[in-house]
Amino acid sequence: MNRAIPVLTVIAAVLFGTTFYMAITYADFDAALFFSQKIFYWHVPHAFMLFIATGMCGVSSLFYLKTRNTKWDDRALAAAEVAVYFGAAVLATGMIWAKAAWDHWWVWENRLTMSLILWLVLVGYVIVRRYAGASGAQLSAGLAVFGTLGIPFVYFMVNRGDNHPMPGAKGNVATLTGSMRITFWLSVLTFLFWFLAFVAMRIQSARAEREVRELREKGLDAGILT
Amino acid sequence: MPRLDQVKVTKLIKRYGTERALAGVSLELNAGSMTALLGHNGAGKTTLLGVVSTLVRQTDGKVEYLTDGKQVEGLEVRRQIGLLAHASLCYGELTAIENLELVAGLYEINGGYTAIEAMLDKVGLDKKARQRAARTYSRGMQQRLALARALLVDPSLILLDEPFTGLDRDGALSLGETLGSLRDTGAIVVVVTHDLEAIAGRTDHVAILRRGQLAFEERGSYSYEQLKDLYHRHAN
Amino acid sequence: MSMLGHAVRVAAKDLRIELRSKEILYTMAFFGALIVVIDAFVFPSNKPDVVRLAAPGMLWVAMAFAGTIGLGRAFDRERENDTMRALLLAPIPRLSVFLGKAMATTMMIIAVAVVCVPLLALFLQADLFASPLILVGAIVGGAIGFSIVGSVFAAMLLKVRSRDVLLPVILYPILIPLFAAGTSATSALLREGSPDWDKATFWLGFLGIYDAAALVLSFWIYEDLVIE
């Protein structure tokens, strides 16, 4: 893990530079939105990572509850915090997109709605974890497990769509062609490496915290520290 | 129903998030013995009691419940545990009888109403009070009800979590006496308390915890002064 | 089955206590009614048609808020004399404790709905009784799901100091699909002419599957959550 972090970071940085350059210069302009469409290369991959991170958080939480092995707890926490970042970015870029496409800062578009709900679950995770004291890890794990179980329900709820009338969704991955398609998938790869690097770093720091604590306890036991 | 005759605690570790409550405690609790579990607040006494009562899961280490050297598990263990805390564990809105009826139902105790009445006679809860909501009871009456509740299930492992808190001197001493007689009938009795006077002369096994570790353990008989001296030497 | 038997015993105990003090019932129902009245004021009442369409939402907001309060109080009662510890220590499957608490909570939430629905119908001229089957299905389905998820977390929160704040923080993100489904099913009642059965069946089915999934998951992880 230790050695993987710099490697992941370098790959992520190189990919980021490349993708950014390609998005600006290589990818074609969208017929309707022109330059505004470029945010798509940021927005959608972030949404993908939000979903991956949520799944990772849910599954790790379940393993943590079942095994009580703290390594799963570290993973769940790392995934949740990273997901909060990706979710915030999805919502922010989604708002920019909405303003450009529909002239409103917020619309109840299916995927945006779903991202918002997932994001709320993960923000809940981080809050509970922080303020629930000693049982925080357990409680937030429960929240993540139930939240992950809810994903298919959220999906059906949003797609049935008689809660909010939604303007026709624009920007579908399947309709991308040529240079836009290549740039898009490269962008997904870029943010996948971002995601992996973030998670690896966060797990690393959680482990370091634990090691420091254990060292301190050893010091206390030996009577060196007070 | 197999009665427990030994509880073996081995290298018990419990962490709460970043806090370490127990750091490798090993202890043997035997039938016919009263163990006093002493230590400052936060030393790990309550956590240890929690793990032994199956309500707290240890991070590492094990607790074995034994009958004739054979291990007992699951519901069988819980069936054998009687808990007495400074809270009564009874519902204030229900009467003494209703509270015990609930316990009898959950523990599948035969004998029904007669057994409940007999138990309330034994602990000396006033006949008229039995039909009143438990929240109207005095502290002493609540303690009697709690004791009746704990004894009704005929436990072989009796765990006491600060049972003397809020009792007057007479109440504390008479409770201590009851515990002594339970010990004599072959139960495993474990008391977590700060009230050394109430257990002096009755406890025959002292374990003192400090920062999650066993600082002192000894079997013998102890007067109040001896207990106080041990506490001051090892708990700090 | 003894697990179910013990669950009924736990639920009966809760209902008996509640019927004696009526504290939760009265405060929850009153609180639910207050929310309905406030709703009737804060939405533009000079446009009755608009407000009528919002009635299902108001009902579910009232149920969610009053339900959270009732749930918190029902578990607080188990904290007063440390009785939750006693229940979990009893030689019965711990799932019985969970099921019993969930059953009792379900009943109390249904009681809130019994107060709120007629009030909404009265104040907003919303024809919520157009089809009792849909109405009852939605309320019962919603109450069950809420109680299942709520009982899992409320039990665990007993040991946490800021439990009153954290209970909704945990429950509401998880329960968004449930509230949305309940609202949609209820709003199927308000279609001009006759209830929209297509919509109602979809959302009632959704609620049913949600409840079943939540129940299965709760069974699977309840003990892992409630034992520290």
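The values are calculated or read from the model by the stated rules, or taken from the named source; none is laboratory data. No experiment lies behind these values; they were computed from the predicted model shown. Because the Cβ atoms are built from the backbone with ideal geometry, glycine has one as well, and the counts that use them run over all protein chains shown.
Some points to look at:
- Some residue of region C:110-131 being closer than 30 Å to C:W220 by Cβ, of a type outside the set (K, R) and modelled with pLDDT of 90 or more: yes
- Among the conditions (1) more than 19 Å from the chain's Cα centre (by Cα); (2) within 14 Å of another protein chain (Cβ to nearest Cβ); (3) in contact (Cβ under 8 Å) with a residue 24 or more places away in the chain, the only one that C:D14 does not satisfy is (1).
- When region B:84-113 is filtered for residues that are part of a helix (DSSP H, G or I) and modelled with pLDDT of 85 or more, the ones remaining, listed by number, are B:A96, B:I97, B:E98, B:N99, B:L100, B:E101, B:L102, B:V103, B:A104, B:G105, B:L106.
- Among the conditions (1) of a type in the set (V, I, T); (2) touching a strand residue (DSSP E or B) at 6+ places or on another chain (Cβ under 7 Å); (3) surrounded by 21 or more Cβ atoms within 10 Å (Cβ to Cβ), B:I116 misses just one, which is (2).
- Count of region B:202-225 residues, restricted to those that are over 24 Å from B:L83 (Cβ atoms) and surrounded by 15 or more Cβ atoms within 10 Å (Cβ to Cβ), is 6.
- Flag for B:A146 being small (G, A, S), assigned to a strand (DSSP E or B), touching a residue at least 24 places away in the same chain (Cβ under 8 Å) and touching a strand residue (DSSP E or B) at 6+ places or on another chain (Cβ under 9 Å): no
- Among the residues of region B:95-152, those identified as of a type in the set (S, T, Y) and within 14 Å of another protein chain (Cβ to nearest Cβ) are B:T95, B:Y107, B:T136, B:Y137.
- Among the candidates A:A23, A:A98, residue that is over 19 Å from the mean Cα position of the chain (by Cα), free of Cβ contacts under 8 Å to residues at least 24 places away in the same chain and surrounded by 15 or more Cβ atoms within 10 Å (Cβ to Cβ): A:A98
- Residue match in region B:2-10 (condition: without any contact (Cβ under 8 Å) to a residue 12 or more places away in the chain, farther than 21 Å from B:R219 by Cα and within 18 Å of the chain's Cα centre (by Cα)): no
- Only residues that are of a type in the set (S, T, Y) and not in a helix (DSSP H, G or I) were counted in region C:182-194, giving 1.
- A:A83 being crowded, with 18+ Cβ neighbours inside 10 Å, free of Cβ contacts under 8 Å to residues at least 40 places away in the same chain and in contact with a helix residue (DSSP H, G or I) (Cβ under 6 Å, 6 or more places away or on another chain): yes
- Filter result (surrounded by fewer than 16 Cβ atoms within 10 Å (Cβ to Cβ) and under 21 Å from C:A90 (Cβ atoms)) within region B:49-68: B:R57
- Subset of region B:202-236 (residues that are within 14 Å of another protein chain (Cβ to nearest Cβ) and assigned to a strand (DSSP E or B)): B:L209, B:R210, B:Q213, B:L214, B:A215
- Cβ-Cβ contacts under 8 Å between residues 6 or more apart (or on different chains), taken from a first residue in region C:77-100 that is more than 21 Å from C:R163 (Cα to Cα) and within 8 Å of chain B (Cβ to nearest Cβ) to a second residue that is β-branched (V, I, T) and assigned to a helix (DSSP H, G or I), are listed as C:A90/B:V103; C:A90/C:V97.
- Positions within region B:142-180 being among the polar types (S, T, N, Q) and under 18 Å from B:I199 (Cβ atoms), in sequence order: B:Q143, B:T165, B:S174, B:T178
- Every listed requirement among (1) over 18 Å from C:I148 (Cβ atoms); (2) within 14 Å of chain B (Cβ to nearest Cβ); (3) not polar (S, T, N, Q) is met by C:V50 save one, (2).
- Considering residues of region B:69-90 that are polar (S, T, N, Q) and buried (at least 17 other Cβ atoms within 10 Å of the Cβ) only, the residue nearest to the other protein chains (Cβ to nearest Cβ): B:S88
- Yes/no for C:L122 being of a type outside the set (G, A, S), assigned to a helix (DSSP H, G or I) and under 26 Å from C:S96 (Cβ atoms): no
- C:G137 within 12 Å of the chain's Cα centre (by Cα), among the small types (G, A, S) and within 27 Å of C:D198 (Cβ to Cβ): no
- Looking only at residues of region B:1-48 that are of a type in the set (S, T, Y) and assigned to a strand (DSSP E or B), we find that the one that is surrounded by the most Cβ atoms within 10 Å (Cβ to Cβ) is B:T35.
Residue-by-condition table, conditions (1) within 30 Å of B:L152 (Cβ to Cβ); (2) in a helix (DSSP H, G or I):
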{"residue": "C:M28", "(1), (2)": "no, yes"}
{"residue": "C:A33", "(1), (2)": "no, yes"}
{"residue": "C:A54", "(1), (2)": "no, yes"}
{"residue": "C:M63", "(1), (2)": "no, yes"}
{"residue": "C:A66", "(1), (2)": "no, yes"}
{"residue": "C:S96", "(1), (2)": "yes, yes"}
{"residue": "C:T106", "(1), (2)": "no, yes"}
{"residue": "C:A126", "(1), (2)": "no, no"}
{"residue": "C:V136", "(1), (2)": "no, yes"}
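- Checking each residue of region A:106-127 against the condition of being within 14 Å of chain B (Cβ to nearest Cβ) and either at pLDDT 90 or above or within 27 Å of C:E228 (Cβ to Cβ) (or both) gives no match.
- When C:A130 is tested against the conditions (1) within 20 Å of C:G57 (Cβ to Cβ); (2) assigned to a helix (DSSP H, G or I), the lone failure is (2).
- Region C:138-181, subset in contact (Cβ under 8 Å) with a residue 12 or more places away in the chain and in a loop (DSSP other than H, G, I, E, B), residue nearest to the other protein chains (Cβ to nearest Cβ): C:K159
- Once region A:110-123 is narrowed to residues that are in contact with a Leu (Cβ under 7 Å, 6 or more places away or on another chain) and farther than 17 Å from A:A78 by Cβ, the residue that is surrounded by the most Cβ atoms within 10 Å (Cβ to Cβ) is A:S115.
- Applying the condition of being under 25 Å from A:P152 (Cβ atoms) and surrounded by fewer than 24 Cβ atoms within 10 Å (Cβ to Cβ) to region C:184-197 and asking which residue is nearest to the other protein chains (Cβ to nearest Cβ) yields C:D196.
- Considering residues of region C:17-40 that are within 14 Å of chain B (Cβ to nearest Cβ) and touching a residue at least 24 places away in the same chain (Cβ under 8 Å) only, the residue nearest to C:A121 (Cα to Cα): C:L25
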